[in-house]
2 protein chains.
Amino acid sequence: MKFTRFSLGAAVWALLSTAAAASPRQDAVRAHRVAHEQELIAEFREFVSIPNVDADQPNIRRNAEFLLAMMKRRGLAAELLEGKTSATNPAVFAEVKVPGATRTVVFYAHYDGQPVNPKDWAEGLDPWQPVFLTAPLVRGGKIVTEWKPGDAINPAWRINGRASADDKDGVFAILNGYDALVKTGGRPTVNVKFLFEGEEEKGSTHLGEIMELHRAKLQSDLWIICDGARHVSGRKLVIFGVRGDVNMQLTAYGAKRPLHSGNMGNFAPNPAMRLVSLISSMKDDNGRVLIKGFYDDYVQFSESERIAIKEASFTDAALLQELGLKEPEVPGRSLLEGFELPTLNINGIAAANIGKTATNIIPAVARATLDLRVVLGIDWQKQVQRVKEHMTAQGWHVIDHEPTDAERAEFVKLIKVEVDTGYNAQRTPLSLPVAQAVIAAVQSTTSEPVMKIPTNGGSLPLAVIQEVLGANVITVPVANYDNNQHAENENMRVDYLWDSMETYAALMTMP
Amino acid sequence: MKFTRFSLGAAVWALLSTAAAASPRQDAVRAHRVAHEQELIAEFREFVSIPNVDADQPNIRRNAEFLLAMMKRRGLAAELLEGKTSATNPAVFAEVKVPGATRTVVFYAHYDGQPVNPKDWAEGLDPWQPVFLTAPLVRGGKIVTEWKPGDAINPAWRINGRASADDKDGVFAILNGYDALVKTGGRPTVNVKFLFEGEEEKGSTHLGEIMELHRAKLQSDLWIICDGARHVSGRKLVIFGVRGDVNMQLTAYGAKRPLHSGNMGNFAPNPAMRLVSLISSMKDDNGRVLIKGFYDDYVQFSESERIAIKEASFTDAALLQELGLKEPEVPGRSLLEGFELPTLNINGIAAANIGKTATNIIPAVARATLDLRVVLGIDWQKQVQRVKEHMTAQGWHVIDHEPTDAERAEFVKLIKVEVDTGYNAQRTPLSLPVAQAVIAAVQSTTSEPVMKIPTNGGSLPLAVIQEVLGANVITVPVANYDNNQHAENENMRVDYLWDSMETYAALMTMP
């Protein structure tokens, strides 16, 4: 049975969306999990407790070694896939060949995590010492202080810790979904390849290199990415694309040193004021980016993608309420509709001190980190160039180093721009048979309709997979949407962890 | 001899500006200092080493007690002037009555210091452990590691530490100028009152209260304030006014928690972007504040004030070069001309993290601290109100507390505004006889022309002195202009400390 993009009629959509009763296979996976909750949680907490910031290579190695051991405990012949030099954090790999299988699927997650500023975390919470929370802190959650290993684990609790939801939960889903499947007498319908990357959070700098070096091992038809969050309603999602991403670090310069704001006020320019003015010129109050060419080249959603989005947007009002927002950035535009477009976002901004530690000075420098998400059709390097050209048009002299005295004497407005490695967006058409098989597998594990998202708002370096291996890419996330991913107090719901095993066991037995 | 504002002719100015040879009195004060440098420095370093942030009341008391002891060692019957409650940091007071004196002069400095963020200080420097530097750090200065008490003290060195230049140097100048005068057989020509305040850096919240409670003790014709810095050229200054000041703490709200910038990008508003847009709307790129009424009511400089400013502005070009700036905020406007006008300055701004600790989030809040300097004629409370009205006109709902859920549901743009206590500006006319006497006294200690500044750019709560006591106020600063006052690595030149004794001995013997 073959679908094309155009033959996919309403009847088929209806069929695929039908709620399915739990299968015997799902029941078996669940029973296996119930019998092993203590070991599963113990191993997960130990895993989360290993710091995994990309730059911390000794601990990155500890994570990789821990992963190797996890996989060997599950009977997998796991190995490290190294890059060309020790600058590359290793990926961890294993494969299971299935006689008669026609598809080869790479199940991917990443074991590295976002940088951490521990002082931002709530009192009693340590990014690397996972504890249970009764609920999110912003909704009155407390640390569970009484629990000890062996005690019952409330499925409504959350496990707190860096990477608990982004993305060590993905490793949990894939390895434990597989393990429960085979331990209960099942077997995959596809050749299964496991791949756990160690530098996703710094932009998967060497994923292309690893694919080139280990091309035969990673040869595949499809990658299933376990990363990101389920829908705000709790429904399961299948995501067919991601945005690309790049960060820019800006440093605007004033005088060589901080100055008394009275003695020099109205004389020495304030770099914070000028940076504020520059950033403000980039975006209007209606959420529209004003940088020339920013929206050129982007590929609009197809009609079927728009339909899927409409189906999935019913919870925006509840989301706004939960976030404490009266209206979205662009009133009338839904969350998913906004994913069609590139973004310009301030990750952070800083100059001198504020509040109780503020002093009456004119700061010497002002800094900001910008985050540019790009969508299909927009090249991230071109997008960065457009931002730089905007700065020039606003009268700034753009440099890539601390200004010299000669530059200070020559230019009124000096800004240092540092650009991290970026990557482009990726989208897999909903109409492909393999896309439909993935939807069907996920649908078999839930009585709620599975939501189909043409592209996620977030970013993963997936374009490179299609470019190097020719494999399609589809994402099936398992985390709770309110996990504080990328921020302080990151947390993963226990019931979602449990459920993730069923989802991934089903994916490994996809039709 | 009486001067009026209008009778002060060019010949008199020329006379007053004439370089004077060192007087026998000045020579005696200098010789006394040379003989006592070790004790003077030892006492000063001990004084600077006592933390003096306003909120740290136990240490504020330690400072006051230390001051009492310093004064008693100089034969002064010193006492604490307390406020109504223990919330008031005490002032330290003493007086010396001089038979036949016609003027009573309060010599004022403050012993509290600006808040400190120790992590901003350079490696090896501690705000409360004064050490010598060979030069400012930005010009390659190093910590003097070899020196020990008893070793010669290079007058080109600087003493590093919070309040070394703002304003414990003022205490040094006044007490040691007096002490050297009387120990070398001199005596003041005016009744001398010593007053050292303990909460200037938080806006002299209770100075009015102390003046009311101790009105008889503080009765006076003139206050001479020892605070601030000499001219960038090194010349001595007499300053006849100050700007007023008030701070505003702004907190702009986005969603209740930080959000993944991909998952919520183009949907959840970014409070940093909105705060940036708001602040940017307050000031144009030509340095002009756009808030309605911001420049209403200000009193323009008189002709003689403009002349004095023109004489004093010759070093702007060198100052710009030293600061690493191509041009001032408003090209063509001199430093001192800018002091005629109120300011709107960003002291600091912050949202989430930047640089290496940045993460791809939409921050939940963005904060900024604004500093508003006001000039003669502008009421600080009205000025704050104008800023708030501007926010409202820009579509913000201004609150003074964390937003409630109801407020979040009702208003698109929410901002919390917290306003510290402020105060108004003060100016003493240059033409008064007492003003001329002060200029003559300072001129007697230097061969360079003394510069006359109609108003300083900085702020002190001097308006209240005129209001409560009817006394004129004139400032004679002694610090180096590049002292990093209010910022990290604050430092005071040793030769300026030495010189300050001669200046203040001369002021106490003014004609």
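If you go through the range A:161-198 and keep only what is among the β-branched types (Val, Ile, Thr) and outside any loop (DSSP other than H, G, I, E, B), you end up with A:Val171, A:Ile174, A:Val182, A:Val192.
Examine the range B:140-160 for a residue that is within 27 Å of B:Ser459 (Cα to Cα), hydrophobic (A, V, I, L, M, F, W, C) and either in contact with a Leu (Cβ under 7 Å, 6 or more places away or on another chain) or not in a strand (DSSP E or B) (or both), and state whether such a residue exists. Looking for residues that are within 27 Å of B:Ser459 (Cα to Cα), hydrophobic (A, V, I, L, M, F, W, C) and either in contact with a Leu (Cβ under 7 Å, 6 or more places away or on another chain) or not in a strand (DSSP E or B) (or both), one finds none in the range B:140-160, hence no.
With the condition kept exactly as written, say whether any residue in the range A:180-187 is touching a His at 6+ places or on another chain (Cβ under 6 Å), polar (S, T, N, Q) and at pLDDT 95 or above. Taking every residue of the range A:180-187 in turn, at least one turns out to be touching a His at 6+ places or on another chain (Cβ under 6 Å), polar (S, T, N, Q) and at pLDDT 95 or above.
Of all residues being among the polar types (S, T, N, Q), at pLDDT below 90 and closer than 20 Å to A:Met508 by Cα in the range A:5-43, which is nearest to the chain's Cα centre (by Cα)? Just the residue, please. In this case the residue turns out to be A:Ser17. Residues that are in a strand (DSSP E or B) and more than 7 Å from chain A (Cβ to nearest Cβ) within the range B:350-365 comprise just one, B:Val365. So A:Gly457 passes all but one of these: (1) touching a helix residue (DSSP H, G or I) at 6+ places or on another chain (Cβ under 8 Å); (2) modelled with pLDDT of 95 or more; (3) within 11 Å of chain B (Cβ to nearest Cβ). Which condition number does it fail? Against the list (1) touching a helix residue (DSSP H, G or I) at 6+ places or on another chain (Cβ under 8 Å); (2) modelled with pLDDT of 95 or more; (3) within 11 Å of chain B (Cβ to nearest Cβ), A:Gly457 comes up short only on (2). When B:Asn489 is tested against the conditions (1) surrounded by fewer than 24 Cβ atoms within 10 Å (Cβ to Cβ); (2) over 27 Å from B:Leu323 (Cα atoms); (3) over 15 Å from the mean Cα position of the chain (by Cα), the lone failure is (2).
Among the residues of the range B:171-187, those that are surrounded by 21 or more Cβ atoms within 10 Å (Cβ to Cβ) and under 12 Å from B:Met508 (Cα atoms) comprise B:Ala173, B:Ile174, B:Leu175, B:Asn176, B:Gly177, B:Tyr178, B:Asp179, B:Ala180, B:Leu181.
Would you pick out the residues in the range B:173-216 that are farther than 19 Å from B:Pro99 by Cβ and among the charged types (D, E, K, R)? Across the range B:173-216, the qualifying residues are B:Asp179, B:Lys183, B:Glu197, B:Glu199, B:Glu200, B:Glu201, B:Lys202, B:Glu209, B:Glu212, B:Arg215. Scan the range A:441-451 and give yes if some residue there is buried (at least 21 other Cβ atoms within 10 Å of the Cβ) and within 11 Å of chain B (Cβ to nearest Cβ), otherwise no. No, the range A:441-451 contains no residue that is buried (at least 21 other Cβ atoms within 10 Å of the Cβ) and within 11 Å of chain B (Cβ to nearest Cβ). Where strands (runs of 3 or more DSSP E) fall wholly inside the range A:23-135, the ranges with 3 or more residues that are buried (at least 18 other Cβ atoms within 10 Å of the Cβ) are A:91-96, A:104-110, A:131-133. Test B:Glu146 against the stated conditions and say whether it is free of Cβ contacts under 8 Å to residues at least 12 places away in the same chain and more than 22 Å from the chain's Cα centre (by Cα). Taking the combined requirement at face value, the residue satisfies it.
Looking across the range A:292-312, just one residue is over 23 Å from A:Leu344 (Cβ atoms) and within 14 Å of chain B (Cβ to nearest Cβ), and that is A:Ala312. Residues of the range A:141-191 that are charged (D, E, K, R) and farther than 19 Å from A:Ala94 by Cα: A:Lys142, A:Glu146, A:Lys148, A:Asp151, A:Arg158, A:Arg162, A:Asp166. Scanning the range B:218-236 for residues that are more than 10 Å from chain A (Cβ to nearest Cβ), touching a Ser or Thr at 6+ places or on another chain (Cβ under 8 Å) and closer than 28 Å to B:Leu195 by Cβ yields a total of 11.
Considering every residue within the range B:379-396, establish whether at least one is within 24 Å of the chain's Cα centre (by Cα) and outside any helix (DSSP H, G or I). Yes, some residue in the range B:379-396 is within 24 Å of the chain's Cα centre (by Cα) and outside any helix (DSSP H, G or I). Select from the range B:236-254 the residues that are farther than 30 Å from B:Cys226 by Cα and within 28 Å of the chain's Cα centre (by Cα) and write down the one among them that is surrounded by the fewest Cβ atoms within 10 Å (Cβ to Cβ). My answer is B:Thr251. Exactly one residue among B:Gly254, B:Gly265, B:Gly244 is out of contact with any Asp or Glu (no Cβ under 6 Å at 6 or more places or on another chain) and closer than 30 Å to B:Met451 by Cβ, and that residue is B:Gly244. If you go through the range B:322-344 and keep only what is more than 8 Å from chain A (Cβ to nearest Cβ) and under 19 Å from the mean Cα position of the chain (by Cα), you end up with B:Leu336, B:Glu337, B:Glu340, B:Pro342, B:Leu344. For the range A:199-209, filtering for residues that are in contact with a strand residue (DSSP E or B) (Cβ under 7 Å, 6 or more places away or on another chain) and outside any loop (DSSP other than H, G, I, E, B) leaves 1.
Limited to the range A:466-511, what total is found for residues that are in a strand (DSSP E or B) and free of Cβ contacts under 8 Å to residues at least 12 places away in the same chain? Total satisfying the criteria: 0. Given the residues B:Arg257, B:Arg274, which is the only one that is surrounded by 20 or more Cβ atoms within 10 Å (Cβ to Cβ), on the phi < 0 side of the Ramachandran plot, within 11 Å of chain A (Cβ to nearest Cβ) and assigned to a loop (DSSP other than H, G, I, E, B)? Of B:Arg257, B:Arg274, the one residue that is surrounded by 20 or more Cβ atoms within 10 Å (Cβ to Cβ), on the phi < 0 side of the Ramachandran plot, within 11 Å of chain A (Cβ to nearest Cβ) and assigned to a loop (DSSP other than H, G, I, E, B) is B:Arg257. It is to be established whether one or more residues within the range A:420-437 are acidic (Asp, Glu), over 20 Å from A:Val29 (Cα atoms) and either at pLDDT 90 or above or more than 15 Å from the chain's Cα centre (by Cα) (or both). Yes, the range A:420-437 contains at least one residue that is acidic (Asp, Glu), over 20 Å from A:Val29 (Cα atoms) and either at pLDDT 90 or above or more than 15 Å from the chain's Cα centre (by Cα) (or both). Being at the interface with chain B (Cβ under 7 Å from one of its Cβ atoms), within 17 Å of A:Ile291 (Cβ to Cβ) and charged (D, E, K, R) holds for only one residue in A:Asp379, A:Asp371, and it is A:Asp371.
The values are calculated or read from the model by the stated rules, or taken from the named source; none is laboratory data. These figures come from a predicted structure and were not determined experimentally. Every residue, glycine among them, receives a Cβ derived from its backbone with ideal geometry; neighbour counts consider all protein chains shown.
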